[in-house]
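See structure below.
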Amino acid sequence: MYAHFDKSANMGQPLIEHLENVGKQMISDTEALNFSRTDIEALKNNLYLTGLYHDIGKAMPAFQLYLKTGEGGSEKNHSLISAAVFSTMFEKNDIFAYLSFLAIAKHHGDMYSTVSQEGQGFYRLANQYEDCFVGIEEHNFHIKNLKKYNFDLDNLKDFMKTKLYITNKRMLSDEYFFILQYIFSKLIWADKIDSADLYSYGHNAEKNLADIDKYIAKKNKGKIKRIDEKRSKIKNSVLSKIKNMSDNEIKDKKIFTLTAPTGTGKTMTSISAALLLVKRIQKLFGYTPRIITALPFINILEQTKKDYENIFGDILVHYGAIDYGESDNSNIPLKDRLFLTNAWEDNVIVTTFVQIFESLLSNKNSKILKVNKLSGSVVILDEIQSLPGKYYPLIGAVIKRLSDYYGTRFILMTATQPEIVAYSNMLLENDKMYAVELLENSDEYYKDLKRTKIVPVMDKIRNNEELVDFIFNTKKTKQTALVVVNTISQSIELYDKLCEKYKNKCKILYLSTNLTSVDRKNVIDYAHKLLDDSEEKEPLILVSTQTIEAGVDLNFDIGYRDLAPLESIVQVAGRINRAGDKDDFSPLYVFETDSGKLIYKNYNLNKTREVLKDEIMENEYSNIIKKYYKTLLSEDKSYDTEIYEAIKHLDYEKISTFSLIDKKDACKVIIENDNEIRQVINEYCHLISAGKRDYDTKAELKQLINKIERYTVEIRVKRLIKHIPWRFKDIYDIDLDIYIVPKENVKEYYNETGFISDNKDVLMY
């Protein structure tokens, strides 16, 4: 009796072996779990039985026939019958058993609010049940606790009613959701890792803190910058804080903040802090936490990736357009590399906010797969202020519950700490969130900073024409400048006007999401070269949208920012005189063109406008930001609470609507602007045309789609009046739901500012 069978080799994995392996994997790495409604031993027993029974339905003769011949209809479906057999061991009001039942029933698909009691799946259960035990008896199959029960659909329906206990007002609890997500994630992972005979390829994350110091010195090429003394002081203060915490504090405190000015080495400091936490947890609990760093944008992920690779060597990097071929594990088949990446099978992971929060708050099998890896991990959330404001309470509450139930430790890192703790407490009611600030007296580190000042000029600039003239009159000839506006259409218009004004006088660069990710990276790399390389250095103006605000390590002489929420303005100021090697209090001019209201809440803009009555020096930023957030917290109540309520009801239909990025009406358009992308597309089409649907082919297709993503932009194609791109199928005769601009037409549709459109409504904000 087999769990899997290779027809070409005429051999397979015995079912009993697979079930026992998955059962054992289910109870691995559970040291950090802490659910209030069960003790760890009862939880581990339930996890073990979940793994032991998850594929018991494969004992059906019909399924065994399917494995060996490929023949069989719906009677081969084994997940629901496995869940039904599992349920016979428990009382009808056993909530934990019900949650495992859902996980087993859905482990080859996506999670839904409940398993339907209607339809053919339940209709066939009686026959499948008997069929399952026929197979068990024929093969003298023995498994722990397995007894034959007469199938009774009414009894199963009673068991299913456990959901009523969960959603009853007296028992509403987010804990059930986090239990189910963990069980479901762990089962998907354990099942797949055993089926593929794959086990951890994660390397040891342990590094000496001295290694980081050596890397910093190498990165700076031996140059001592004015800001370096402050960076060193900040890092030492953070490490001293962790070293001086008692064992009980390390056990109890799981949420930390790291609030420090922009450009003061927070990335390196956070890595050092995470490593020190890992060492202390190892000593206290005997397990090694993984380090997971999440960032808001792919453009800063690439930058952070380099830092991590130089410190740790090969790491796992995971985002939407990752190239699974970049791994050093080239001896591992592509399909397995894909799985190992999607499962976060490593000890050091660099990823995005989207990958963390859209996986946890999801019903998708492929996304939930990695959720179990959050347990016991040290998670660094860099540039936390970049999260959408409407989700501050929800994300804060999720962070608190992950720390409570999964034993996850968080470092929330930013220069403009958005009171995420206070926001979370809007939802957490009596169980309040508390965070430990790692940089004690963080305000002190702002007080002697003289790098920038915010200069309001809202009364002088109302449009792009006035802005261009203002830049011309305030920027010195040899100075480099950063100009940030709120919308793509505005940025393109501004770029064109600046090119006309500064023709042959100054290099003008452009950056926004209207460019493909490949081109965005090229622009940032080129800007670095122009700004940092003494031989290449020349006057430069970079026009950008808010995509440059967080984490991009560029250092300009002067800046200009269209009115936005205060935290965004301060982040842009962090790209001006970043190293402190230019004039004291280099200006960031803030103007207003009314475009901010298109993407930001008017309330936030009004509060920012109130703050910006006079010049603000950098040593005042911290206090002003704190006052700003406290005002928002007390007066603005327009935050999303529906998702959190859905969590309490296991309402996956609502939960699955969660998205960090609003892509309403967005369509992807491939820009076929070099030979590499054309080759990738041809490979994709060849594979599709071959008609193969095996796992290896699916992995190759996924890899190619991710490469294609790097050459796409998102626009509102349906709003185009003319200049409409081609449907992919019209060019390549493959039904892919995406648009394309063929190579021979690229110049008509795409230039240095991205997709060309005469209709502003086409462009995303």
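The values are calculated or read from the model by the stated rules, or taken from the named source; none is laboratory data. Predicted model only: the values in this text are computed from it and were never measured. Cβ atoms come from the backbone with ideal geometry, glycine included; neighbour counts cover every protein chain shown.
Residues that are charged (D, E, K, R), surrounded by 21 or more Cβ atoms within 10 Å (Cβ to Cβ) and more than 12 Å from the chain's Cα centre (by Cα) within segment 357-376 comprise just one, Lys373. Of all residues in segment 377-399, those being within 18 Å of Ile291 (Cα to Cα) and either outside the structural domain of Leu361 (by TED's automatic domain parsing) or over 13 Å from the mean Cα position of the chain (by Cα) (or both) number 3. Residues in segment 276-300 that are part of a helix (DSSP H, G or I) and crowded, with 23+ Cβ neighbours inside 10 Å: Ile300 alone. The residue pairs whose first member lies in segment 280-293 and is assigned by TED's automatic domain parsing to the domain that holds Glu249 and of a type in the set (D, E, K, R), whose second member is exposed (fewer than 15 other Cβ atoms within 10 Å of the Cβ) and assigned to a helix (DSSP H, G or I), and whose beta carbons are closer than 9 Å, counting only pairs six or more residues apart or on different chains, are Arg280/Lys243; Arg280/Asp247; Lys283/Asp247. You will find that of Thr697, Thr657, the residue that is over 30 Å from Phe5 (Cα atoms) and either in contact (Cβ under 8 Å) with a residue 12 or more places away in the chain or of a type outside the set (Gly, Ala, Ser) (or both) is Thr657 and no other. For Lys76, the conditions (1) of a type outside the set (A, V, I, L, M, F, W, C); (2) in contact (Cβ under 8 Å) with a residue 40 or more places away in the chain; (3) crowded, with 17+ Cβ neighbours inside 10 Å are fulfilled apart from (2).
The single condition among (1) closer than 19 Å to His528 by Cβ; (2) free of Cβ contacts under 8 Å to residues at least 60 places away in the same chain that Asp583 does not meet is (1).
One residue alone among Ala210, Ala217, Ala205 is modelled with pLDDT under 80 and touching a Pro at 6+ places or on another chain (Cβ under 9 Å), and that residue is Ala205. Considering segment 593-630, and only residues there that are assigned to a helix (DSSP H, G or I) and of a type in the set (A, V, I, L, M), the residue that is surrounded by the fewest Cβ atoms within 10 Å (Cβ to Cβ) turns out to be Leu598.
Within segment 648-662, the set of residues being outside any helix (DSSP H, G or I) and either of a type outside the set (Phe, Trp, Tyr) or assigned by TED's automatic domain parsing to the domain that holds Glu358 (or both) comprises His649, Leu650, Asp651, Ser656, Thr657, Ser659, Leu660, Ile661, Asp662. Listed here are the helices (runs of 4 or more DSSP H) enclosed by segment 49-105 that have at least 2 residues being of a type in the set (Phe, Trp, Tyr) and farther than 19 Å from Ala126 by Cα: 95-105. For segment 708-732, taking the residues that are free of Cβ contacts under 8 Å to residues at least 24 places away in the same chain and among the charged types (D, E, K, R), the one that is nearest to Thr487 (Cα to Cα) is identified as Arg727. Do the conditions hold for Tyr526, that is, is it surrounded by 20 or more Cβ atoms within 10 Å (Cβ to Cβ), assigned by TED's automatic domain parsing to the domain that holds Asp459, touching a residue at least 12 places away in the same chain (Cβ under 8 Å) and among the aromatic types (Phe, Trp, Tyr)? Spelling it out, it is not the case that Tyr526 is surrounded by 20 or more Cβ atoms within 10 Å (Cβ to Cβ), assigned by TED's automatic domain parsing to the domain that holds Asp459, touching a residue at least 12 places away in the same chain (Cβ under 8 Å) and among the aromatic types (Phe, Trp, Tyr). Checked against the criterion of being without any contact (Cβ under 8 Å) to a residue 12 or more places away in the chain, of a type in the set (Ser, Thr, Tyr) and either outside the structural domain of Asn555 (by TED's automatic domain parsing) or assigned to a helix (DSSP H, G or I) (or both), the candidates Ser272, Ser240 yield just one match: Ser240.
Restricted to segment 111-172, the set of helices (runs of 4 or more DSSP H) holding at least 2 residues that are modelled with pLDDT under 80 and farther than 21 Å from Ile647 by Cβ comprises 120-123.
Do we have Tyr644 as under 30 Å from Lys729 (Cβ atoms), in contact with a Leu (Cβ under 9 Å, 6 or more places away or on another chain), modelled with pLDDT of 90 or more and surrounded by 17 or more Cβ atoms within 10 Å (Cβ to Cβ) here? So Tyr644 fails the test.
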